[in-house]
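Report on the following structure.
The values are calculated or read from the model by the stated rules, or taken from the named source; none is laboratory data. Because the structure is predicted, anything quoted here is derived from the model rather than measured. Using ideal geometry, Cβ is built from the backbone for each residue, glycine included, and neighbour counts are taken over all protein chains shown.
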Amino acid sequence: MAGDVLRLLALLLVVGLRGPVWARPVTFHTQPEGAGVYLENSGQSGGDYLGRSGQPLELDLQRFEGQTSFDVRFEADGLRPMVVTLRPEYFRQHDRYPERGAVVLADSHPPLLPLALLTAMALVGWQLRGRKLATDPLIGAQLGPYRLKARLGSGGGGSVYRADGPQGPVAVKVVVAD
């Protein structure tokens, strides 16, 4: 009888040290590794900190009893936080998330985005300028020995064009007749 009581106490001690009965060791994988893993639906501001990605974490599945899903947030310095919605059943069959590969955390300010936007704006401006120049009926026209290549500017008295002549490039002013 005393031996049974001791065995029962030993079992309770082992279970107590291992955590909740429904806790499972799961590993979340992120790129980069070592991101903070937070449980979002706890109602606490900032969520419950579970640990770091790439390391086994105890996830108490009983906590999600009656829920169809829960949110996990991954955070790393200099990177945009990412929230994924998971189903508790997933961890009854798997001990890692995602099943293959890793959750990739993106830069909070991708360095190529501003450069891409500036390049796009320059290209659009260049195309619009090209269309505006192309709509000028005098571009490409031959005026005596001069072929008009591009309009350099216009004013109240007329327009000035870059032209090619017998002696090389010149500027030609075409005056507006009243």
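Among the residues in the stretch 43-50, are any in contact with a helix residue (DSSP H, G or I) (Cβ under 8 Å, 6 or more places away or on another chain), closer than 19 Å to Val103 by Cβ, of a type outside the set (Gly, Ala, Ser) and at pLDDT 90 or above?
Of all residues in the stretch 43-50, those in contact with a helix residue (DSSP H, G or I) (Cβ under 8 Å, 6 or more places away or on another chain) come to 47-48.
Those left that are additionally closer than 19 Å to Val103 by Cβ: 47-48.
When the remaining residues are screened for being of a type outside the set (Gly, Ala, Ser), the result is 48.
Remaining after also requiring at pLDDT 90 or above: none.
The answer is no, given that none of the residues of the stretch 43-50 is in contact with a helix residue (DSSP H, G or I) (Cβ under 8 Å, 6 or more places away or on another chain), closer than 19 Å to Val103 by Cβ, of a type outside the set (Gly, Ala, Ser) and at pLDDT 90 or above.
Annotation note: Cβ proximity below 8 Å between a residue of the stretch 56-75 that is closer than 16 Å to Ala102 by Cα and a residue that is at pLDDT below 90 and surrounded by fewer than 18 Cβ atoms within 10 Å (Cβ to Cβ) (sequence gap 6+ or interchain) occurs for Val72/Glu40; Arg73/Glu40.
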